[in-house]
Structures are given as C-alpha cells and as structure tokens.
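Below is one structure, written out as structure tokens; the observations come after it.
The values are calculated or read from the model by the stated rules, or taken from the named source; none is laboratory data. This is a predicted model, so every value here is computed, not measured. Cβ: placed from backbone, ideal geometry, glycine included. Neighbour counts: every protein chain shown. For accessibility, only protein heavy atoms count, side chains too; no ligands or nucleic acids. Shrake-Rupley method; radii C 1.70, N 1.55, O 1.52, S 1.80 Å.
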Amino acid sequence: MVSSVGLGVVPACAAIRAGIVRPQPLRSFQVLESEPVESLPLVAHPIEGYTEGFLAVGRWLRLAAGAFDDLLTYGTPPDRNSAAFWRQTGLIAALPFPDEESLSGHLQRDLELLRKAYVLPLLRIVGVPIPPEHTHLLWSGHAGALDAVCHAQRMLEEGRVERVVVIAADSYLDERTLEELLDQRRLKSPSVPCGLMPGEAAACFLLETRRSLRARQVRPEAIIRGAVTARNERFSMTDPPTGELLAQVTQQALDMAGRASSFSGDLHTDLNGENWRASHVAYARVRLSERLSPDVRLRTTALSLGDVGAASGAVSLCVACRAWRRGYSLTDTSLILMLSERGHGGALLLEKVRS
C-alpha cells in the first residue's frame, strides 16, 4: 500500500489507526470563494515527494508499482524471479473510470491499449513474470477491488491460475478530474462543506487457493467468506437515495457466508463527506436492521487519506487485515461496503484466520 500517510501498508495503517492526516494546499489549483470574494488553494491529500510530475496513467503506474513492491516486501510471495510461481499467478487491475470527453479518456477505454500502457509496464517495473494473458482490467470505481475479487474467484474456480494479485490505484489530483469535481460542486471548500477531499493511493493483495497455500506452507492474513457486486444501470448521485443496492449486495454476501446471526464488527465504508453517499449507507443500514448489529463500528479511510477513488476497497481490506494483526479489531469478521458514482455496489465479508 502507498498513501499520503505512509509508503507501505504497515506505516500507512498505523497512521490511519492513530488518526494522522496530512492535508496540503494545492497551490496549482485554486477555488473561488464568494464571501469575501477571494481565490484559495484547494486542500487535498497528495503523496508529497512521490507522485509529482506524473499524470493520468503514469500516475496510476507510479502508485501501483509502489504498492506491488510493498506486497513483495510485506507478504509471502517468493522472489521476483520464481518463474514457476508467477506463471500460475494472475493480475487484475481495478482502474478509475475513463474520462468520457478527453483524448486520454478515449485511450483509457481501449482495453488492449491500456494493457500495453499500464499493466505490461507495471510488470516490467516490478520485475515479475506474470503472463500477459493472465491479466485483466476492470472499471468499477470505488467498488473496483471488490469487483476484482469476484472476477478472481471465477479464475481460481476454473483453474486458470492458482493465485491472483488484485491491485487498485487511483488519483483525484489531476487537473481535469479536479475541474470536473469542481463543476459538480463535489469538492470540499468553505462554500461546499459537505464535499470530498481529493486524495490518491494504491493498494494490492494476493488471493490464493487453499491448495496453493498448503503447497507453499504459508498462513493467510484473512479468509474471504462472501463477496458480491452488482450494478444499477439507472443509478444517479442526484436521485433520492434508497440504499437498496448496498443492502442487496450485503444481504447476498452474508448469505453466501452462511451467517444466520446479525453481523457485529467493523463496517468499512467509502464515506467521504458527501451527503448522497452518507444517505445511501444510512438507508442501507435501516434496510439491514435485522442483519447488522446496532453496535457495528463504522470505519472510513477517507478521514485520513481523502477520497482515493478506485483504491478505496483495497485500502479498506488492508486496514481490516492490519487491525487483526495488531489486535484492535472488534471481532474476527469485518464487512466492507463500497458504492461507485455510476452505480456499482459491492460487499465483502472478511474473516480473521484463527491461530
């Protein structure tokens, strides 16, 4: 993991746990305030000294390479040159939504071109020989990492690979994205108190079959008990919130895990300060009153990192796993809920591996 509060999953999650934040004024991007009339720099969560000078796909690549390097350091994979291991490994990249209007957005919608511009350079940079035919790209916004988990499960069940690296990187700090968010009045500022603070991050994790774990004699960080994603094609941020989509995927994930009792533990969400997102989570909790215990603890990484877009789900998964490693999670299960601006919803039930 790489983020504005740590260039590694261990320091980043420790900082999030401690409530450390590092917001910075963006001198290159000004917002106009009306009372009194003045131009002020936007406050955001950049990764200082790390992503400056990188734009669009190059910025995602910089972030993703940092997260992948951290996985190789923190996790249990063999060295980068173990061809037998990496030949049986897939990679799924969860990406931001492409810009519908710009030229770079047009290029980003071409999957094969994006594979050559993003995935293959990433593999060269980190130096792992994952076969290109085992790589996939997904656009699901905040729900991207959860969508990637569902896709990875199908790959594993079909026996195409023995393990899958899921990597999610995003940055809201390029000028075009900031301009779009400003036009939509979604950026937090003195005149828009219920807005988001833009951030950037990348996180990744390795999904593996039990057979592969036994063969390598390693212990996993956690077990995925249920993962469900769905999309409402008619979804709009401006429509009255109902929470129906989040409630639907949560019910299915809990059913998949065989949980008859109500869930009690950490509920990781992508709340970011925007009213529409908070309302969907609130209505979903009302709909799920019989499945979610009243004492669930709401967790959101945006408090420390700002909104990190497509990286949100992967970051939350890392935070949940580190909470067990460090012993400060409420229970042995965590629930992750994500909702994209374009109607992709996802729920993932994660369980601690007992000693």
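Yes/no matrix, rows are residues, columns are (1) in contact with a Gly (Cβ under 7 Å, 6 or more places away or on another chain); (2) within 22 Å of Leu72 (Cβ to Cβ); (3) open to solvent by 20 Å² or more (accessible area, probe 1.4 Å):
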| residue | (1), (2), (3) |
| --- | --- |
| Leu123 | no, yes, no |
| Gly127 | no, yes, yes |
| His151 | no, no, yes |
| Leu156 | no, yes, yes |
| Asp174 | no, no, yes |
| Glu180 | no, no, yes |
| Leu196 | yes, no, no |
| Gly199 | yes, no, no |
| Ala202 | yes, yes, no |
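Residue-wise test of (1) assigned to a helix (DSSP H, G or I); (2) free of Cβ contacts under 8 Å to residues at least 60 places away in the same chain.
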| site | (1), (2) |
| --- | --- |
| Leu137 | no, yes |
| Ala145 | yes, no |
| Cys150 | yes, no |
| Met155 | yes, no |
| Ala168 | no, no |
| Arg176 | yes, no |
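In the range 25-48, the residues that are open to solvent by 30 Å² or more (accessible area, probe 1.4 Å) form Cβ pairs under 7 Å with partners that are at pLDDT 80 or above and not in a strand (DSSP E or B), at six or more places apart or across chains, as follows: Ser34/Ser191; Val43/Pro23; Val43/Met197. Here Asp70, Asp110, Asp99 are screened, and the one residue that is of a type in the set (Asp, Glu), buried (at least 22 other Cβ atoms within 10 Å of the Cβ) and either in contact with a strand residue (DSSP E or B) (Cβ under 9 Å, 6 or more places away or on another chain) or modelled with pLDDT under 95 (or both) is Asp70. The single condition among (1) within 22 Å of Leu348 (Cα to Cα); (2) part of a loop (DSSP other than H, G, I, E, B); (3) not hydroxyl-bearing (Ser, Thr, Tyr) that Arg160 does not satisfy is (1).
Listed here are the residues, each with its yes/no results for (1) over 20 Å from the mean Cα position of the chain (by Cα); (2) under 23 Å from Gly199 (Cβ atoms).
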position: Ala230; (1), (2): no, no
position: Glu233; (1), (2): yes, no
position: Gln252; (1), (2): yes, no
position: Leu267; (1), (2): no, yes
position: Asn272; (1), (2): no, yes
position: Ala278; (1), (2): no, yes
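Counting only residues that are farther than 25 Å from Trp276 by Cβ, of a type outside the set (A, V, I, L, M) and open to solvent by less than 40 Å² (accessible area, probe 1.4 Å), how many does the range 221-254 have? Number of matching residues: 1. Which is touching an Asp or Glu at 6+ places or on another chain (Cβ under 7 Å) and of a type in the set (D, E, K, R), of Asp147, Asp170, Asp183, Asp174? Going through Asp147, Asp170, Asp183, Asp174 in turn, just one is touching an Asp or Glu at 6+ places or on another chain (Cβ under 7 Å) and of a type in the set (D, E, K, R): Asp170. Only a single criterion out of (1) under 23 Å from Ile92 (Cβ atoms); (2) surrounded by 21 or more Cβ atoms within 10 Å (Cβ to Cβ); (3) at pLDDT below 95 is not satisfied by Gly265, namely (1). Apart from one condition, Arg62 fits all of (1) in a helix (DSSP H, G or I); (2) of a type in the set (Lys, Arg); (3) in contact with a Pro (Cβ under 6 Å, 6 or more places away or on another chain); the exception is (3). Annotation note: Cβ proximity below 8 Å between a residue of the range 208-234 that is free of Cβ contacts under 8 Å to residues at least 12 places away in the same chain and outside any strand (DSSP E or B) and a residue that is charged (D, E, K, R) and open to solvent by 60 Å² or more (accessible area, probe 1.4 Å) (sequence gap 6+ or interchain) occurs for Leu213/Arg219.
Here Ser212 passes the criteria (1) under 28 Å from Glu133 (Cβ atoms); (2) of a type in the set (Ser, Thr, Tyr); (3) open to solvent by 20 Å² or more (accessible area, probe 1.4 Å) except the one numbered (3).
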